[in-house]
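The values are calculated or read from the model by the stated rules, or taken from the named source; none is laboratory data. Given the structure is predicted, the values throughout are model-derived calculations rather than measurements. Glycine also receives a Cβ, built like all others from the backbone with ideal geometry; neighbour counts cover every protein chain displayed. Surface accessibility is based on the protein's heavy atoms, side chains included, excluding ligands, DNA and RNA. Shrake-Rupley method; radii C 1.70, N 1.55, O 1.52, S 1.80 Å.
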Amino acid sequence: MTTLTEDDLHISVSGLRKMYGDFPAVESVDMQVRKGEVFALLGPNGAGKTTTVEILVGVRDRTAGEVSVLGQDPRADRRAWRNRLGVVPQNTGDYMDLTVGEVVDHFASFYSDPIPSAELISMVGLTSKTKSKTTSLSGGQKRRLDVAVGVVGRPELVFLDEPTTGLDPEARREAWDLVNYFRELGATTVLTTHYLDEAEALADRAGIIAAGKMLTVGTIEELGRSAGAATLITFADLPDVAQIIPATLGTVEAAGREDHRFSTSIATDAPTEVLSRLIEHARSLGMAEIPGLSVSRPTLEDTYLRLIQREDAKR
């Protein structure tokens with residue numbers, strides 16, 4: 001395993017906690033975000049995602065824990081440090097009676113090397129609205145403008161809090177292109193989202209948070225293992241499977257009847273060995289084929305739901 005140094009990390013969090021009276025909005029969060037990666041923070045409403053991001057960008061103080069962002073404690077909130085961040089908050093901004101172009105130009109003036117306004121406006125799909133008043137924009141168009149304002153300064157580290165909420169499918173894809181654009185520039189992105197397909201498409205790694213606790217962090221494959229197993233093998237009408245698959249190889253579960261067949265599934269981290277045993281067993285029973293055989297990896301949605309349900313069962 002590669003040992004990460006401080007130079008490899010843009011974010012390091014240990015034991016993060018935020019209390020509101022007796023209520024723990026964030027109770028136990030540990031995470032590291034590597035330089036140049038896209039990291040997705042996933043969780044249901046009220047899980048603590050936005051509170052965590054607000055602490056990381058220095059707009060909310062923490063109750064306990066150690067936090068380093070771009071090598072500094074956000075509590076210090078130094079101007080040079082903030083200049084290296086880009087933040088797209090969850091709520092759409094109010095830009096008064098300005099045009100789209102005027103808003104982007106205004107925020108660009110705060111930075112030493114901003115993205116050219118016309119280029120950025122095109123990137124977020126608002127070229128035709130450059131001279132339009134922001135008061136005339138739709139909700140989705142205002143959200144695109146929020147993204148433009150948040151990243152205009154070419155940040156090293158970008159925080160996108162629910163960036164595609166309220167966007168139509170085409171606008172969502174355009175926002176995805178923007179994330180990939182900053183990936184190509186070498187920027188680091190922290191993305192909070194309710195859309196699991198978004199995290200699966202964009203993120204190098206993800207963390208799943210529920211009830212203020214970080215349940216697990218890793219690649220999509222690693223998350224699948226943490227939820228049970230990396231591979232799911234399903235089939236039908238093969239008797240006595242539990243006798244040939246020991247618990248050390250996988251978990252055998254009866255999945256019920258489907259299309260008049262009795263379906264079975266095996267969650268395993270050793271799919272080759274399990275398949276070999278299943279094939280040998282089927283042949284010993286005179287079966288040339290195993291009915292309904294399929295091998296798949298759990299989706300991010302499968303993993304997410306399993307971990308959230310497991311955490312809910314503890315409460």
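For the residues 280, 184, 311, a 1.4 Å probe over the protein chains yields an accessible-area ranking, largest first, of 184, 280, 311. Ordering 76, 249, 290 by the projection of their Cα atoms onto the charge dipole of the chain, which places +1 on the Cβ of Lys and Arg and -1 on the Cβ of Asp and Glu, puts 76 at the extreme positive end.
Every helix of 4 or more DSSP H residues in the chain counts as -39500 (n - 2.57), and over all residues that averages to -9500 deg cm²/dmol at 222 nm. Legend: residues 110, 39, sorted from most to least accessible area (1.4 Å probe; ligands, DNA and RNA excluded), read 110, 39. For residue 106, the solvent-accessible surface with a 1.4 Å probe is about 90 Å², rounded to the nearest 10. Normalising the average separation of contacting C-alpha pairs (under 8 angstrom, six or more residues apart) by the number of residues puts the relative contact order of the chain at 18 percent. Heavy-atom surface analysis with a 1.4 Å probe gives the stretch 23-132 a carbon and sulfur content of 48 percent of its accessible area. Within a straight-line Cα-Cα reach of under 30 Å, residue 131 can be paired with the following lysines, leaving aside sequence neighbours fewer than 8 residues apart in one chain: 142.
For percent of Cα pairs over 32 Å apart, the choices are (1) 34; (2) 23; (3) 40; which was calculated from the structure? The value computed from this structure is option (3). Solvent exposure of the chain, expressed per residue, is 51 Å² of accessible area, with all protein chains present and a 1.4 angstrom probe. Taken along the Cα-to-beta-carbon direction at a fixed 7 Å, the label points for residue 243 and residue 312 span 3.9 nm. Extending 7 Å from the Cα toward the beta-carbon at both residue 285 and residue 138 defines two label points whose distance is 5.5 nm.
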